[in-house]
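J.: Before we start, here is the structure in question, set down as structure tokens.
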């Protein structure tokens, strides 16, 4: 269903109840059939497992062993994939290939400790850097938004459960758990190249889509292209979780895929496409859909349209809107338009009144007074809900919550409106964001829930760990401070530190800098990560020896670390 203007007047008929009791857009529920668990034969010697996790995993049968393409979101997923591949062959694993960095953490299921150099592990040269330091400054926000996007705050059953995640069936199976098992590539690719892996001719073509480290794996003798370019659903440009993506790069990557003229296309996401003509048509529609939205967005910008105007201006023509490969189960045209505008132009549209507007609190006061007071706004918001104008109901009641964030009735009106918008949305992402906000408004989850775990931080490079701490500095608490703390990380043999200087913090690498510290502590990456993610208090870390003070006093260490958000200093 495409929302009407302002997402108003949504009809109940677009929804139905799914097998988990979820109330969702009927097309999104029907999309779940694509993710029934199965092993698919693509052609002789090439197989793919679909329906386990968020991404597919592919096996190419080599001369002596199995070549595994992508290893999923954890060891448990990879073991499930391997169980399926064992139905085909009992050959050992001879090589691993990563299409991009997202699905690399199940590798330990195939590569035991100590055998990292005996098995070829291929990936783009940027994969390891992306795994070890990607977006560390925003790690906290990105992980929470990823959890939101993939429905991890939603109940597993009932009206608010998710039908599927558009790219796959689920992100994490909490019953089985998820154990990270990433192994660094020992063979890297920076440009298009040809090679032979276990007797199979393979070509690598670098791509940029939702990551900058993608590879198309082309099997010329089999006519098979394994890729993270065609997702089988509308792409996610202008991602709600905040990633910045240039659609031109993605469009160019589609052209790289088109130039191969594949007989069969295997996506990291979605279902395989069989046949030369079918592959040609799919590539053309995906290319044309992205190119059309991009070009019309640029056209609208050049015509002087604002981002809000552009959302109404850019509409896919019917032949693309109805294309099975461009359904908005993941990305949406409106978000593509907004994201492209922000990427190319920035935050400012065309109305100078938005350069220095009144604060949102003042705006809320004016709107409420203009409507005739609080009770009148509550009445109007409820009326809009009753008239099926759910988007307007949610927007109007937000003014009340800006002034009265704990107003029980206002919170419930907004929650009710957002739930209706969620149920009608064809996009799994939009639905999950709506419903997560609903659960926050209803008090079922905290908006400040901590989702970053020590395992997300401890495997980063030491400098990245310190940058994770750096952005937590409180400028008021540190306004008059000029102090340098050194951290000796014994497990990585790195000496790194943080210079606090009048409200800001700067990372210092003592391995390349001879500055004398005011304070020195000794710990490991794992123990430091537990402190930074609130899994242990500073008091306990010092008591049991997870952190040792080498220079300075306990009071000095406490005062230094107390300048940073979310570090728990004392036991309660």
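J.: Is it true that some residue in segment 224-233 is in a strand (DSSP E or B), in contact with a helix residue (DSSP H, G or I) (Cβ under 8 Å, 6 or more places away or on another chain), under 23 Å from residue 289 (Cβ atoms) and at pLDDT 95 or above? Steps first, answer last, please.
T.: Step one: filter segment 224-233 for residues in a strand (DSSP E or B), giving 224-227.
If we keep only those that are in contact with a helix residue (DSSP H, G or I) (Cβ under 8 Å, 6 or more places away or on another chain) too, we end up with 225, 227.
Now drop any that are not under 23 Å from residue 289 (Cβ atoms), which leaves 225, 227.
Imposing the further condition that a residue be at pLDDT 95 or above reduces the set to 225, 227.
Scanning segment 224-233, I find at least one residue that is in a strand (DSSP E or B), in contact with a helix residue (DSSP H, G or I) (Cβ under 8 Å, 6 or more places away or on another chain), under 23 Å from residue 289 (Cβ atoms) and at pLDDT 95 or above, so the answer is yes.
J.: Taking the stated definitions as given, is residue 96 farther than 19 Å from residue 179 by Cα, in contact (Cβ under 8 Å) with a residue 12 or more places away in the chain and in a strand (DSSP E or B)? So that I can check it myself, show each step before the final result.
T.: Numbers: farther than 19 Å from residue 179 by Cα: no; in contact (Cβ under 8 Å) with a residue 12 or more places away in the chain: yes; in a strand (DSSP E or B): yes.
Against the criterion (farther than 19 Å from residue 179 by Cα, in contact (Cβ under 8 Å) with a residue 12 or more places away in the chain and in a strand (DSSP E or B)), residue 96 does not qualify.
J.: Working carefully through the options 68, 121, 42, 88, find the one that is in a strand (DSSP E or B) and more than 27 Å from the chain's Cα centre (by Cα).
T.: Working: 68 fails: more than 27 Å from the chain's Cα centre (by Cα); 121 fails: more than 27 Å from the chain's Cα centre (by Cα); 88 fails: in a strand (DSSP E or B).
Result of the check over 68, 121, 42, 88: 42.
J.: If I ask for residues that are farther than 10 Å from residue 451 by Cβ and touching a helix residue (DSSP H, G or I) at 6+ places or on another chain (Cβ under 6 Å), which ones from segment 140-153 would you list?
T.: Of everything in segment 140-153, those that are farther than 10 Å from residue 451 by Cβ and touching a helix residue (DSSP H, G or I) at 6+ places or on another chain (Cβ under 6 Å) turn out to be 149, 151.
J.: Checking residue 508 against (1) closer than 30 Å to residue 159 by Cα; (2) more than 20 Å from the chain's Cα centre (by Cα); (3) at pLDDT below 95: exactly one of these is not met. Which one?
T.: With (1) closer than 30 Å to residue 159 by Cα; (2) more than 20 Å from the chain's Cα centre (by Cα); (3) at pLDDT below 95 applied to residue 508, the lone miss is (1).
J.: Now a separate question. Here are some residues: 362, 377, 293. Which one is in a helix (DSSP H, G or I), free of Cβ contacts under 8 Å to residues at least 24 places away in the same chain and buried (at least 21 other Cβ atoms within 10 Å of the Cβ)? Give the derivation first.
T.: Working: 362 fails: buried (at least 21 other Cβ atoms within 10 Å of the Cβ); 293 fails: free of Cβ contacts under 8 Å to residues at least 24 places away in the same chain.
When all the criteria are applied, what remains is 377.
The values are calculated or read from the model by the stated rules, or taken from the named source; none is laboratory data. Being a predicted model, the structure only gives us computed values, none of them experimental. Cβ sites come from the backbone with ideal geometry, for glycine too, and all protein chains shown count toward neighbours.
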